[in-house]
Amino acid sequence: MRTITLSISLTAIAVFTFFDGSTQALADDAKQASASGTSSQAVAPANGSRIANLIRQLGDRDYYARERAQTELAAIGFAAFEALSDATTNEDAEIATRAKYLLKLLRVDWADPDDPPEAKDVLRGYDALSVERRAAAIQALGEKKLLLSLCRAAKYDSSILISKVAAGEILRREAKWERPANALVEKMKKIVAQSKRSGAVWIAAWLDTLDDPREAARRFEEIVKSEEALSKKNSEETGPEIVAMLARFRIAKLKKLGESEAVVQATRQLVDLEKGDPDTLADLMTWLTEQKAWKSFDELCERFALQIRGESRLTYLQAWGYGERGDKEKAEKTAQTAFDMYQGKDRLSLIRHFNAARFLQQRGLHEWTRREYDYVVNRPIDSEGFVVQVRSLFAEYLHDQGDDGQAATTLEGCLKSPMGRRQLNEPYGENKLKATWARMYYFQSCVAEAKNKPDEQKELLEKALTSDPGEIDALIAAYRFPNATADYREKTINRIREKADQLQQTIQASPESAEAYNEYAWLIGNTEGDFDQALAHSKKSMELTSESGGYLDTLASVYFGKGDVEDAVKTQRRAVELDPYSGAIKRNLDKFEKAAAVKAQSNAK
């Protein structure tokens, strides 16, 4: 899928801190421990009492004894990791300080040599990242199902909270994954074996109970209780969202067992944990709606009625819940309440409506989505440049949903306004203005195609490509134009080659530009050219970003273009899982599945 991006407001700050080369010997120990996938006890099984004694000596009255103990622990390396982690909270400040220092010296090879490239990309410079950036990296590992890397993070990350987040990425996504192969399970077990760290213990419990939901429910009942007790102490090593994640995992196991009473009880306990934070409240409302736990949903809405009434996002979630259980009248009334919250014409009110539109779009609530977008785009063009940007996003949304006529009209409104044209031209240059004209003509050509007006379609495609010769979707449509003359086809192919060359130049100049890789793959995958290069570029785009439905849609299209229908269907189904409300992605899945059925029938003859 071609991605159209418009950044309205984005601030990114990266802070990197690197250790010097004095710890290379310890890094070698780390590499050996990480590559073997063994626990600290497996590396030095006889060192337990010695390590404990050395840690006590870190607080010795004799300075030289403290220094000797520190040197010996540094030489032991990762075999001392667990004990040193525990020692960071020792009542003796000297022991705690030296333990923290030693842990900083232990550098993990977070990516094993046999790991896939995407794991190495995500984990590059991991040691030097802040806790927040490491948490984002952990989420990326979860999105890509890089289980061995998550196991290493759960065992070796210096933050106990991040260790738990790493385990949580596995537990909360388990239902969407196929069971890992036995060989992978054994590798994971070796990494987390005998570790006392919470995240590693949770992964070990998950691995032990993969095929036994009853035992999983029992084991995680104790884990939930323990984590809940820690949370009540306001410990920095956990939080309500982690307790909720564990509780949901256990509830899923209880549902699988058909234990409805236990499910109800566990769900009520989960609701009782909620403190009213808007983000966790939204998350819980969504989950309860997906689980169709209506009694708990109503109890939650009643308990936090004041918070819900104060935020349109939460009110919309309440409306969604009512609609999902069949009360359409109540759903519409509640959605209207959400819409009426911010009725000003000032910039802040417009941004709130835009944010609501994006929030609803991600949940497939299309009628409410369009109303929120309409509120913003119907403001006067010359009032805010922001409105012009939103029109482009709204037009792409309408195109995705198959409403190309309205998509074209949405862009036309700002293109025919002198102020709109100026605002398109000023921040981006003339190319953006031309590209917007091309996009409008392309949408109009889609309308003509739907009405079976080939002459009109061809004329509009030519207008699009005259405005912007590199309009990729127009190039694809021109390539597929039925009954094209030899001259028309040659002209189109030359345009495709020129655009492909431009994208290759962009990739060479900016090798970290995921969008350029994706656009090249989308263009070639849907027309003709170097399909092997397109496949490599598509995979590279996914390495550079989190897994997304749009980029998977591109990969599936490349597979289809190469004639690999099976991989096209498999990849497109994953795209639908990630972006279930995209009309274009669903239409491509239908196309690929029909082709697969035809191929299967042909092979059966």
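The values are calculated or read from the model by the stated rules, or taken from the named source; none is laboratory data. Given the structure is predicted, the values throughout are model-derived calculations rather than measurements. Counting neighbours? That spans all protein chains shown, and the Cβs are built from the backbone with ideal geometry, glycine included. Each accessible area value is taken on the protein alone, full model and side chains, heavy atoms only, with ligands, DNA and RNA left out. Shrake-Rupley method; radii C 1.70, N 1.55, O 1.52, S 1.80 Å.
Some values worked out for this structure:
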| item | result |
| --- | --- |
| Condition broken by LYS144, with the remaining ones in (1) modelled with pLDDT of 90 or more; (2) open to solvent by less than 50 Å² (accessible area, probe 1.4 Å); (3) basic (Lys, Arg) satisfied | (1) |
| Qualifying residue in segment 450-461 (condition: in contact with a Phe, Trp or Tyr (Cβ under 6 Å, 6 or more places away or on another chain) and closer than 30 Å to GLY561 by Cβ) | yes |
| Residues being assigned to a helix (DSSP H, G or I) and open to solvent by 80 Å² or more (accessible area, probe 1.4 Å) - total across segment 310-352 | 8 |
| Enumerated helices (runs of 4 or more DSSP H) restricted to segment 504-605, each holding at least 2 residues that are among the acidic types (Asp, Glu) | 514-525, 531-544, 565-578, 583-604 |
| Residues satisfying the stated conditions in segment 189-221, i.e. within 26 Å of LEU84 (Cα to Cα) and of a type in the set (D, E, K, R) | LYS189, LYS190, LYS196, ARG197 |
| Residue satisfying condition, being buried (at least 22 other Cβ atoms within 10 Å of the Cβ) and at pLDDT below 95, within set SER557, SER541 | SER541 |
| Filter pass, TRP287 being touching a residue at least 24 places away in the same chain (Cβ under 8 Å), within 17 Å of ARG172 (Cβ to Cβ) and surrounded by fewer than 19 Cβ atoms within 10 Å (Cβ to Cβ) | yes |
| Number of the exception - TRP437 against (1) modelled with pLDDT of 95 or more; (2) closer than 22 Å to TYR520 by Cα; (3) of a type in the set (A, V, I, L, M, F, W, C) | (1) |
| Near pairs, Cβ below 8 angstrom, 6+ apart or cross-chain, from segment 245-267 (on the phi < 0 side of the Ramachandran plot) to any residue that is of a type in the set (Ser, Thr, Tyr) | ILE251/THR267; VAL264/SER296; THR267/SER296 |
| Residue, farthest from SER417 (Cα to Cα), within segment 360-380, restricted to residues that are touching a residue at least 40 places away in the same chain (Cβ under 8 Å) and either basic (Lys, Arg) or buried (at least 19 other Cβ atoms within 10 Å of the Cβ) (or both) | ARG363 |
| Sole residue being assigned to a helix (DSSP H, G or I) and out of contact with any Ser or Thr (no Cβ under 6 Å at 6 or more places or on another chain), chosen from LEU210, LEU246, LEU230 | LEU246 |
